[in-house]
Amino acid sequence: MTTIATPVTAGASRARPPATQPAGPDPFQELLRRVKAAGLLDPRPGYYTAKIAFNLAMLAAGWIALALVGNSWWVIAVGVYMAFAYTQTGFVGHDIGHRQVTRSRRGQDLLGLLHGNLLMGFSYGWWVGHHNRHHSNPNHLEKDSDITRRRVIFIPEQGPTRRGRAKQFIVRHQHVLFYPLLVTEGIGLRTESVKALVRKLPRLTRIEATLISVHLAAYFGAVFYLLPPGKGVVFILTMNLLFGLYIGSVFAPNHKGMPIQMPDEDWDWMTRQVVTSRNIRSSYLTDFLYGGLNYQIEHHLFPAMPRASLRRARPMTIEYCREIGMPYYEVGVFRSYAEVVIHLYRTTQAYQNSVTAAAA
């Protein structure tokens, strides 16, 4: 059993596990047994049928509103609303990719292509592969795709790898720039999708490319049919930049500022998922706004658990972590964002100090 000295309390101090853990029974299996016995991994078809229907209604309402406001600056308000609706669509696509919605591979692909490629213009196949790599090794310095593709650094030793004046400027000011740069998340997802399709990485590449093309043609066609060019561009920028900020702000507190697993460290499954994850204290409002990802620890332990079951899994996970002496870290919304900024600032300062010392 993994032993970590820090006792578990919601909001407890973070602790690093030992680099090499002793062999023994897998601590995750007992928690898995309890969760299964409570039925928390059972499919929730009724919940997701209602969720998908509600989300499609949100998207339809946005396009109807755009048609109604027409040639007016109310398009900015509609763009803000559509950023919210599209992010909610992304949350449903996320659940589909984790097989929370259906266990059928064909049904999963169909719903994933509908939400990712057709409704949002992203490659569903690329995203599933990218996101699964993150889930397998969260906060691993070399294996976590959400760390390797970032422009910021999470430990001082990463500093020299960001070559060039622009990248070094970002590193020096990353604690200030991190959240503003999140507005580019939507652009980055589309760019990576196109690169993946060109490299033919995802399954169903031709179908994916066709659906993305249909999305882009319908999206730009509708916008510039309903709006004059200037207001059309304003709508597109408002919607897409705020979409990036929203979805990036939901993902940012999940792991940033939590312990980093170094390449020479060997952690078991439960340790990797719990110690590197940060929960945000839940309410029904945060559950909705965060798409259930405020339960980051439970989601990482049980990726296929339907979103509606995560709230019930939380107290079971806290209790089990307490039994085995594993820290369970949970904070409020504002503190979670502050911790990310503080971690980035301290990392920058440590890197800058090392550069100064080397030059002396």
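Just so you know, all these numbers are worked out from the coordinates, no wet-lab data involved. Please read all numbers here as calculations on a predicted model, not as lab measurements. Heads up, the Cβs are rebuilt from the backbone with ideal geometry, glycines too, and the neighbour counts pull from every protein chain shown.
Being small (G, A, S) and surrounded by 15 or more Cβ atoms within 10 Å (Cβ to Cβ) is the filter here; which residues of the range 138-187 pass it?
Listed by number, the residues that qualify are S145, G159, G186.
Answer yes or no as to whether G188 is part of a helix (DSSP H, G or I) and in contact with a Lys or Arg (Cβ under 9 Å, 6 or more places away or on another chain).
On the way: part of a helix (DSSP H, G or I): yes; in contact with a Lys or Arg (Cβ under 9 Å, 6 or more places away or on another chain): yes.
For G188, the condition - part of a helix (DSSP H, G or I) and in contact with a Lys or Arg (Cβ under 9 Å, 6 or more places away or on another chain) - is met.
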